[in-house]
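For reference, the structure discussed in these notes is given below.
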Protein chains: 2
Amino acid sequence: MTDSTLAPDSDQALYALSPEGRKLLFTEAKTAYDFSDKPVGDDRLRAIYELFKWAPTSANINPLRILYVRTEEGKQRLLTGVAQPNQEQTASAPVTAVLALDTGYPEYVPLLAPSNPQLRPMLEANQELRESHGDFNSTLQAGYFVLAVRAAGLAAGPMKGFNAEAVDKEFFPDGRWRSILLVNIGYPGAEAFRERLPRPSYEQAVQLV
Amino acid sequence: MTDSTLAPDSDQALYALSPEGRKLLFTEAKTAYDFSDKPVGDDRLRAIYELFKWAPTSANINPLRILYVRTEEGKQRLLTGVAQPNQEQTASAPVTAVLALDTGYPEYVPLLAPSNPQLRPMLEANQELRESHGDFNSTLQAGYFVLAVRAAGLAAGPMKGFNAEAVDKEFFPDGRWRSILLVNIGYPGAEAFRERLPRPSYEQAVQLV
């Protein structure tokens with residue numbers, strides 16, 4: 001381990017991803033709080049999914065689902081479930097993705113993991129395992145999703161500040177999908193970005209044995 | 001929305017990330033189950049962190065911590081907590097990252113979110129909020145970590161099949177860090193990759209309003 005702080009560009013040999021890619025996804029990307037009027041086409045929303053979907057989950061269960069809200073009417077329905085301080089940014093975004101756990105995800109397991117025929121019945125018989133696997137993997141996938149939005153050239157504004165119960169009642173009344181995170185999506189507006197906040201240092205966050 | 005299936009390379013204009021970057025992180029990356037003898041230097045482990053750390057968390061709480069296990073002795077201690085079918089791949093990886101939630105993460109909140117002085121006392125007073133924020137955001141960060149490993153040119157093998165209680169007892173006896181995922185890290189071995197499994201279709205996973 002070097003003692004000096006390693007800037008991301010100090011040694012190109014340490015990364016396979018290009019400097020442009022590192023900036024786009026990590027080092028210069030920032031959460032957006034304000035969006036321009038430039039629209040986001042449905043083809044781009046699909047492109048996000050077609051990239052995002054390949055990142056790994058436990059036993060390939062892929063329990064995350066996405067509701068893209070991009071009409072005026074949809075936005076109005078969504079805003080009733082968004083906490084006041086987050087309403088303005090949500091209203092300004094051309095699209096808000098409601099990321100949701102499909103609580104019925106074991107239904108797809110035979111298609112997704114055909115070599116593991118005992119997995120679906122095991123998940124269906126064991127509520128605690130089904131829920132812990134669903135919660136963990138849908139949240140892991142939410143992380144992949146944020147980076148895939150950036151890979152599609154869009155700014156992402158993930159938000160935990162919303163009323164999941166209200167959003168679920170409005171959009172998922174049968175109770176099968178359960179919202180876990182909102183992600184505003186679009187092009188940055190004039191007031192998009194706040195000052196970069198610090199991160200835990202390597203010494204605070206990492207141990208080696 | 002186009003009706004045809006969109007291949008990730010069918011329209012370069014839909015992505016800001018280069019085709020090479022998309023292949024590296026998403027479309028051609030696969031979970032590794034076997035690793036070569038090629039070592040991974042501590043500078044590269046640090047490079048993963050210096051990239052990973054920038055991806056966003058709620059209120060910038062950043063609760064994920066990393067224990068890199070890369071000595072023979074460390075590996076032996078770790079293997080006692082790894083389920084039998086996963087022992088071989090773990091033993092073959094030059095490094096295994098133990099991703100852990102720091103249950104004491106509110107301690108760092110004043111440093112990470114200086115403009116939000118009420119957040120630390122609020123988290124310390126409300127166990128349910130503290131735990132749900134910690135669980136959700138550490139798991140979100142685990143997703144970022146997997147992609148950052150790939151960005152550093154390494155193969156990742158994330159594993160949920162381990163005994164978290166045993167691993168925590170061995171490495172985190174004071175109970176503050178709680179392991180949530182193991183990620184084997186290294187260069188692919190001869191038997192690294194399995195056949196690509198399918199993913200939910202766009203129509204199965206996505207709704208639009």
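Just so you know, all these numbers are worked out from the coordinates, no wet-lab data involved. Every value quoted in this text rests on a predicted model; they were computed, and no experiment measured them. Neighbour counts run over all protein chains shown; Cβ positions are idealised from the backbone, glycine included.
Being more than 7 Å from chain B (Cβ to nearest Cβ) and without any contact (Cβ under 8 Å) to a residue 12 or more places away in the chain is the filter here, so list the residues in segment A:21-35 that pass it.
A:K23, A:E28
Take B:A97 and tell me if it is touching a residue at least 40 places away in the same chain (Cβ under 8 Å) and within 18 Å of B:G161 (Cβ to Cβ). First the steps, then the outcome.
Working: touching a residue at least 40 places away in the same chain (Cβ under 8 Å): yes; within 18 Å of B:G161 (Cβ to Cβ): yes.
Yes; evaluated as a whole, the condition is true for this residue.
Those residues that are assigned to a loop (DSSP other than H, G, I, E, B), free of Cβ contacts under 8 Å to residues at least 24 places away in the same chain and charged (D, E, K, R), I need them from segment A:181-209; list them, please.
Result: A:E195, A:R199.
I need a count of the residues in segment B:147-184 that are within 21 Å of A:V146 (Cα to Cα) and either touching a Leu at 6+ places or on another chain (Cβ under 8 Å) or surrounded by fewer than 20 Cβ atoms within 10 Å (Cβ to Cβ) (or both).
10
Out of A:A97, A:A166, A:A125, which single residue is under 28 Å from A:E50 (Cβ atoms) and small (G, A, S)? Walk me through it before giving the result.
On the way: A:A166 fails: under 28 Å from A:E50 (Cβ atoms); A:A125 fails: under 28 Å from A:E50 (Cβ atoms).
Just a single option satisfies the conditions, and that option is A:A97.
Among what's in segment A:36-46 and is under 18 Å from A:L147 (Cα atoms) and more than 7 Å from every other protein chain (Cβ to nearest Cβ), pick the residue that is surrounded by the most Cβ atoms within 10 Å (Cβ to Cβ).
A:L45
Scan segment B:47-77 residue by residue and report those that are polar (S, T, N, Q), more than 7 Å from every other protein chain (Cβ to nearest Cβ) and either assigned to a loop (DSSP other than H, G, I, E, B) or buried (at least 20 other Cβ atoms within 10 Å of the Cβ) (or both).
B:T57
Determine which single condition B:G175 fails, assuming it passes every other condition in (1) within 9 Å of chain A (Cβ to nearest Cβ); (2) farther than 30 Å from B:Y33 by Cβ; (3) outside any helix (DSSP H, G or I).
(1)
What's the number of the condition A:F193 fails, among (1) in contact with a Lys or Arg (Cβ under 7 Å, 6 or more places away or on another chain); (2) within 19 Å of B:A59 (Cα to Cα); (3) at the interface with chain B (Cβ under 8 Å from one of its Cβ atoms)?
Only one criterion is unmet by A:F193, namely (3).
Among the residues of segment A:131-138, are any surrounded by fewer than 19 Cβ atoms within 10 Å (Cβ to Cβ) and closer than 27 Å to B:V109 by Cβ?
Let us first name the residues in segment A:131-138 that are surrounded by fewer than 19 Cβ atoms within 10 Å (Cβ to Cβ), namely A:131-132, A:135.
Keeping just the survivors that are closer than 27 Å to B:V109 by Cβ gives A:132, A:135.
For segment A:131-138, residues surrounded by fewer than 19 Cβ atoms within 10 Å (Cβ to Cβ) and closer than 27 Å to B:V109 by Cβ: present.
I'd like to know if segment A:161-180 contains one or more residues that are among the β-branched types (V, I, T) and in contact (Cβ under 8 Å) with a residue 60 or more places away in the chain.
yes
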